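So the structure is just underneath, and the comments pick up after that.
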Amino acid sequence: MENLVLVSHGHFCTELKNSAEMIMGPQDNIYTVPLLAEEGEKEFLDKFETITHSLDHFIVFSDLLGGTPCNILSKKILNGESFELYAGMNLPMVISFVNANLIESQSDFVTEAKENTVKVNERLANDVFDEEDE
């Protein structure tokens, strides 16, 4: 089973995991590493390394491209670490990860995030017009 590490500014990553578990049930292979306001790079890295030290393989979802958690982990990749890092995490990405693990398949997390980002007003308007055409 694949492991997922969620990293973010503040407790967003923890609450995102909680929301995913509300929908999908407990997820023992999803870990969270929040960067708290009183912490710096060293504290964040220590937490990250403590969690990932025992994991054979893992994927990381970060909250914001160019944000501190993503930047810190990008440095690790540039220095030779090997893990997949995705920025712009959202609930559909996490659910896609869980589903892929359940059926032992690959998922395109970026596509999942994009396909689930919609302006609902437009979608509703299009559905109403489609129904009128029938």
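The values are calculated or read from the model by the stated rules, or taken from the named source; none is laboratory data. Predicted model only: the values in this text are computed from it and were never measured. Virtual Cβ from ideal backbone geometry, glycine too; neighbours counted across all protein chains shown.
Numbers below:
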item: Residues located in region 5-27, provided they are more than 20 Å from PRO69 (Cα to Cα) and either free of Cβ contacts under 8 Å to residues at least 40 places away in the same chain or small (Gly, Ala, Ser) (or both); result: SER19, ALA20, GLU21, MET22, GLY25, PRO26
item: Checklist (1) within 15 Å of VAL5 (Cβ to Cβ); (2) crowded, with 16+ Cβ neighbours inside 10 Å; (3) modelled with pLDDT of 95 or more applied to THR68, failing item; result: (1)
item: Selection count where residues are touching a Phe, Trp or Tyr at 6+ places or on another chain (Cβ under 6 Å) and over 18 Å from PHE83 (Cα atoms), scope region 30-70; result: 1
item: Residue within region 33-42 that is part of a strand (DSSP E or B) and either without any contact (Cβ under 8 Å) to a residue 24 or more places away in the chain or touching a Leu at 6+ places or on another chain (Cβ under 8 Å) (or both) present; result: yes
item: Any hit, region 7-20, residues being surrounded by 12 or more Cβ atoms within 10 Å (Cβ to Cβ), at pLDDT 95 or above and on the phi > 0 side of the Ramachandran plot; result: yes
item: Given (1) part of a helix (DSSP H, G or I); (2) out of contact with any Ser or Thr (no Cβ under 9 Å at 6 or more places or on another chain), index of the condition ILE59 fails; result: (1)
item: Matching residues in region 73-117 - criterion: being assigned to a helix (DSSP H, G or I), crowded, with 17+ Cβ neighbours inside 10 Å and of a type in the set (Ser, Thr, Tyr); result: SER96
item: Lone qualifier among VAL110, VAL94, VAL118 - being touching a residue at least 40 places away in the same chain (Cβ under 8 Å) and β-branched (Val, Ile, Thr); result: VAL94
item: Positions within region 21-48 being surrounded by 14 or more Cβ atoms within 10 Å (Cβ to Cβ) and either among the β-branched types (Val, Ile, Thr) or over 16 Å from ALA100 (Cβ atoms) (or both), in sequence order; result: GLU21, ILE30, TYR31, THR32, VAL33, PRO34, LEU35, GLU39, PHE44, LEU45, LYS47, PHE48
